[in-house]
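Everything below concerns the one structure shown next.
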Amino acid sequence: MKKCLNFFVSLWALSMAVFLVARLAPGDPLTSYYGERAEKMSPQERSWAEAKLGLDDPLPVQYARWLGNALHGDLGISYKYKTDVVSVIGGRIGNTLLLGLSSFALIFVLSLGLGAFCAWKEERLPDRLICRVGTILGCLPEFWLSLVLLLVFSVWLKWFPTSGAYSIGGDGGLSDRLRHLVLPLAASVSGHLWYYAYLVRNRLLEEVRAEYVLLARAKGLGKGRVFFGHCLPNILPSYINLMAISAPHFLGGTYVIETVFSYPGLGTLAYESARYRDYPLLMAVCLLTGAFLMSCNFLAQGICRRIDPRLGTEDGGRTGEVTEFG
Amino acid sequence: MDERFVQVGILPAPEQQRTIRRAKEKKPVCSAAVLGLILAGCFLGGWFWEGPPYMDLYRANLPPGRDAWFGTDAMGRDLFSMIWPGGRVSLSIGLLATALSTAAAVLLGTLSGLGPKWLDRLLMRFTELFLSVPGLLLAVFFQAILGKANAATLSLAIGATGWTGMAKVIRTEVRQMRQNGAVLAARCMGAGFFWILRKHLTPNFMPAILFMVVMNIRNAMAMESTLSFMGIGLPLETISWGSMLSLAEKGLLSGAWWTVLVPGAFLAVTILCITDIGNYLRRKNNPRSSGLPG
C-alpha cells in the first residue's frame with residue numbers, strides 16, 4: 001500500500017519536473033504544430049495560435065489544466081501528429097516492446113551461455129579471446145557500433161535495410177519485420193551482452209572455489225554435473241536480480257539505437273517530441289517511461305527479496321558492486 | 001586449500017596460474033603509449049599544423065587521399081585537421097565532467113559516511129534516485145535545464161550524472177574508517193570535516209575509487225559523443241569527435257564511409273586505451289577481485 005502511494009507520488013513529481021523543464025528549455029512549440037509557417041506568422045497570429053493551444057496562460061495554470069485532463073484519462077493532442085497522444089504512442093509502443101523484449105531475452109540466454117562457457121574454459125584460449133572481444137565491444141558507444149553495423153551490412157553488403165521497422169509499401173509481413181529488426185537487435189545485444197556475461201563468469205568462478213564443490217567432486221560427481229547442477233543454480237538469484245535492476249539502463253540504450261536506425265518506437269518519438277517541443281507527447285512518453293522504470297525497480301526489489309532474503313537488509317546488498325565492469 | 005582444488009580439476013594447474021598472474025600484472029604500456037600519442041596530438045598538435053578550414057563546398061565528401069589524408073566531410077572540411085581540435089574538446093569534456101562528478105562523489109560520500117543517520121539515509125535515497133534513471137536520459141534532462149549546449153554546460157550535465165557509483169563506494173569505505181583510531185583522535189583534537197577528509201579519508205579511499213575515476217572519463221566521453229551525435233550536445237560548429245559523427249549519418253547514405261570510421265576510430269581507440277588502464281588499476285588496487293578480468 002505504501003509502495004503504491006510512493007509510486008504515484010514519484011510519478012507526479014516526475015510529471016512536474018518534465019513539465020517545468022520542457023517549458024523552460026528554449027524552443028518554439030508552434031513550429032511543431034504549424035511547421036514552417038510558424039516562422040512567418042505575424043505577432044497577432046502568433047498570440048492567437050498560442051491562445052488556441054493554451055500556451056499563453058501562466059505555467060501553474062497550464063500545469064493544473066494538464067493534470068486535470070490527465071487524471072480524466074485525456075493526455076491531450078500531439079502538436080505534430082494532430083491526433084490523440086495515446087493513439088500516437090499506441091502505434092509505436094509495439095515496435096519498442098518487440099525490440100526491447102527480444103533483445104532482453106537474447107541477452108539473458110546468451111550471457112548465461114557465454115558466461116558459463118568462459119567459466120568452464122577458465123583462462124584458456126577461448127575464454128581469454130571472448131573476454132578480450134567483450135571488453136572491446138562493451139565499451140564502445142552504442143550509436144557508433146550501430147553506425148558501423150549500418151555501414152557494413154546495409155550500405156556495403158546491402159543485406160539489411162537501413163531504417164524503419166517495415167518497408168513502405170510492403171506487405172508488412174513477418175519476414176519483412178524481422179529483416180528490419182536484425183540490425184537494431186544486433187547493435188543492442190552486442191553493446192549490452194558482455195557486462196552480463198562477465199557477471200555470470202565471475203560469479204561462477206567464485207562459486208567453483210566454494211567448499212561444497214570440493215565435497216561434491218570428492219564424492220565422485222563429474223565436473224559438468226557439479227558445474228551445471230550446483231554452481232549455476234546458485235548464481236542465478238543474483239543474476240536475475242541484476243537483470244531486473246538493469247532494465248532501465250537497457251531501455252536508455254534502446255532509445256539511442258532506435259534513433260540511429262530511425263526505428264519507429266518510443267525512443268524516436270521521445271527524441272522527436274523533445275526536439276520539436278511537442279509538449280503533450282513529450283509528457284506522455286516521459287511518464288510512460290518513468291512508470292516503466294519505477295515498476296521495474298519495484299519488481300526487482302520484490303524479486304530479490306523473494307529469492308534471497310539477505311539482499312533486502314542493507315543498501316541493496318551486493319548488487320551495488322557490479323555497477324562498474326569494463 | 002587451493003591445491004586440493006587443483007587436484008580435483010577445478011582450478012588451473014600451478015604453472016598455468018603463474019603465467020596467468022604474470023599476464024595480469026603486466027602494465028598497460030601499449031595503451032598508455034597510444035593514449036599519450038593521441039593526447040599529444042590533440043593538445044600540442046595546434047602548434048604544428050593549422051586548424052580546421054571553413055566550409056569549402058567544392059571539396060565536399062572527398063575520399064581519403066593525398067589532398068586530404070582522412071578525406072573531407074559533407075561541408076568540405078578536412079577531417080585530419082578537425083580530428084585534433086575535436087579530440088581536444090572531447091577529452092576536455094571527459095576530464096572536466098569527471099572532475100566534477102568526482103568532487104560531488106567525494107563530498108556526498110563522506111558526508112553520508114560521517115554524518116548523522118538521517119543525513120545518510122536522505123543522501124542514499126537521493127543516490128538511489130539518480131541510479132535508477134538511465135544516465136543518458138538524466139544528462140539530456142540537465143542539458144535541457146542548462147539551455148543551449150557548449151563545452152562547459154555539457155560537462156556540467158554529464159558530470160551531474162556520473163557520481164553515483166563512486167559516492168556509494170566512498171560511503172562504504174568511510175563507514176569502515178570512521179571508527180579508526182586516527183580519525184577519532186583527529187576528531188578529539190578538534191579537526192574539522194575538511195581536514196579529516198583531506199588528511200585521513202582521501203588517502204584511504206583513493207585507491208578504491210581510482211579506477212572508477214578513470215572509467216568515468218571514458219563514460220563521459222562516450223556520453224558526450226552520443227549526445228552530440230543525437231543533436232542534443234555540442235552544435236556542429238563546435239568541433240568534437242561527437243559532433244563530427246553527427247554528420248556521419250548523412251555521410252553513411254552518400255557512401256562517405258570515412259566520415260563514420262575516422263572520428264569513430266579515434267574515439268574508440270581512446271576509449272579502449274582508457275578502459276585498459278582503468279582495468280589495470282582495478283586489478284592492482286582491488287586485489288580481492290583480482291582473479292577476474294573485466
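The values are calculated or read from the model by the stated rules, or taken from the named source; none is laboratory data. Fair warning: this is a prediction, and the values are worked out from it, not measured in the lab. Positions of Cβ are backbone-derived with ideal geometry, glycine not excepted, and every protein chain shown enters the neighbour counts. These accessible areas exclude ligands, DNA and RNA; they are computed on the full protein's heavy atoms, side chains included. Shrake-Rupley method; radii C 1.70, N 1.55, O 1.52, S 1.80 Å.
Summed over the stretch A:101-131, residues that are within 13 Å of another protein chain (Cβ to nearest Cβ) and surrounded by 16 or more Cβ atoms within 10 Å (Cβ to Cβ) total 10. Only one of the listed residues (A:R217, A:R201, A:R277) is touching a residue at least 40 places away in the same chain (Cβ under 8 Å), of a type in the set (K, R), farther than 23 Å from B:G233 by Cα and not assigned by TED's automatic domain parsing to the domain that holds A:A13. That residue is A:R201. Quick check, is A:C286 part of a helix (DSSP H, G or I) and at pLDDT 80 or above? Yes. Exactly one residue out of A:P161, A:P184, A:P141 is within 22 Å of A:S246 (Cα to Cα), under 27 Å from the mean Cα position of the chain (by Cα) and free of Cβ contacts under 8 Å to residues at least 40 places away in the same chain: that is A:P141.
Look at the stretch A:77-101: where a residue is within 17 Å of A:H180 (Cα to Cα) and a partner is part of a loop (DSSP other than H, G, I, E, B) and of a type in the set (F, W, Y), sitting 6+ places away or on another chain with Cβ atoms under 8 Å, you get A:N95/A:Y263; A:L99/A:Y263.
Filter the stretch A:207-219 down to the residues that are at the interface with another protein chain (Cβ under 8 Å from one of its Cβ atoms) and within 21 Å of A:L112 (Cβ to Cβ) and list them by number. Answer for the stretch A:207-219, where residues must be at the interface with another protein chain (Cβ under 8 Å from one of its Cβ atoms) and within 21 Å of A:L112 (Cβ to Cβ): A:V208, A:R209, A:V213.
Of the residues making up the stretch B:69-123, not one is under 14 Å from B:V169 (Cα atoms) and aromatic (F, W, Y).
In the stretch A:280-308, which residues are touching a Lys or Arg at 6+ places or on another chain (Cβ under 8 Å) and either free of Cβ contacts under 8 Å to residues at least 60 places away in the same chain or acidic (D, E) (or both)?
The answer is none; no residue qualifies.
May I ask you to list the residues in the stretch B:171-201 that are closer than 21 Å to B:D120 by Cα, of a type outside the set (G, A, S) and not in a helix (DSSP H, G or I)? Scanning the stretch B:171-201 gives B:R178, B:Q179, B:N180. Filtered by the rule that a residue be within 9 Å of chain B (Cβ to nearest Cβ), of a type in the set (A, V, I, L, M) and in a helix (DSSP H, G or I), the stretch A:132-144 gives a lone residue, A:I136.
Let's see how each residue does on (1) open to solvent by less than 30 Å² (accessible area, probe 1.4 Å); (2) of a type in the set (V, I, T); (3) at the interface with another protein chain (Cβ under 8 Å from one of its Cβ atoms):
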{"residue": "B:F130", "(1), (2), (3)": "no, no, no"}
{"residue": "B:I145", "(1), (2), (3)": "no, yes, yes"}
{"residue": "B:A151", "(1), (2), (3)": "no, no, no"}
{"residue": "B:L156", "(1), (2), (3)": "no, no, no"}
{"residue": "B:G159", "(1), (2), (3)": "yes, no, no"}
{"residue": "B:K168", "(1), (2), (3)": "no, no, yes"}
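At pLDDT below 85 and on the phi > 0 side of the Ramachandran plot: does that describe B:G135?
no
So which residues in the stretch B:190-244 are of a type in the set (G, A, S) and either open to solvent by less than 20 Å² (accessible area, probe 1.4 Å) or in contact (Cβ under 8 Å) with a residue 24 or more places away in the chain (or both), if there are any at all? Result: B:A208, B:A220, B:A222, B:S225, B:S228, B:G233, B:S240, B:G242, B:S243. Of all residues in the stretch B:260-272, those satisfying the criterion of being touching a residue at least 12 places away in the same chain (Cβ under 8 Å) and either more than 10 Å from every other protein chain (Cβ to nearest Cβ) or open to solvent by 10 Å² or more (accessible area, probe 1.4 Å) (or both) are B:V262, B:F266, B:V269, B:T270, B:L272.
A single member of A:S154, A:S146, A:S188, A:S175 is buried (at least 19 other Cβ atoms within 10 Å of the Cβ) and more than 25 Å from A:S273 (Cβ to Cβ), and it is A:S154. Across the stretch A:245-277, the number of residues qualifying as open to solvent by 10 Å² or more (accessible area, probe 1.4 Å) and of a type in the set (D, E) comes to 1. Residues that are out of contact with any strand residue (DSSP E or B) (no Cβ under 7 Å at 6 or more places or on another chain) and touching a residue at least 60 places away in the same chain (Cβ under 8 Å): does the stretch B:178-189 have at least one? Yes - at least one qualifying residue is present in the stretch B:178-189.
Take the residues in the stretch B:222-237 that are farther than 21 Å from A:L149 by Cβ and in contact with a Gly (Cβ under 9 Å, 6 or more places away or on another chain), then tell me which one is nearest to the other protein chains (Cβ to nearest Cβ).
This residue is B:E224.
Return yes when A:L199 is on the phi < 0 side of the Ramachandran plot, crowded, with 16+ Cβ neighbours inside 10 Å, within 14 Å of another protein chain (Cβ to nearest Cβ) and within 21 Å of the chain's Cα centre (by Cα) and no when it is not. Considered against the rule, which asks whether it is on the phi < 0 side of the Ramachandran plot, crowded, with 16+ Cβ neighbours inside 10 Å, within 14 Å of another protein chain (Cβ to nearest Cβ) and within 21 Å of the chain's Cα centre (by Cα), A:L199 comes out as yes. Annotation: of all residues in the stretch B:170-181 being away from every other protein chain (no Cβ under 11 Å) and buried (at least 20 other Cβ atoms within 10 Å of the Cβ), the one that is farthest from the chain's Cα centre (by Cα) is B:V174. Restricted to the stretch A:101-138, and to residues that are farther than 21 Å from A:N202 by Cβ and of a type in the set (S, T, N, Q), which residue is nearest to the chain's Cα centre (by Cα)? Looking at the filtered set, the residue picked out is A:S103.
B:C30 meets all of the listed conditions (1) at pLDDT 75 or above; (2) open to solvent by less than 80 Å² (accessible area, probe 1.4 Å) but one, namely (2).
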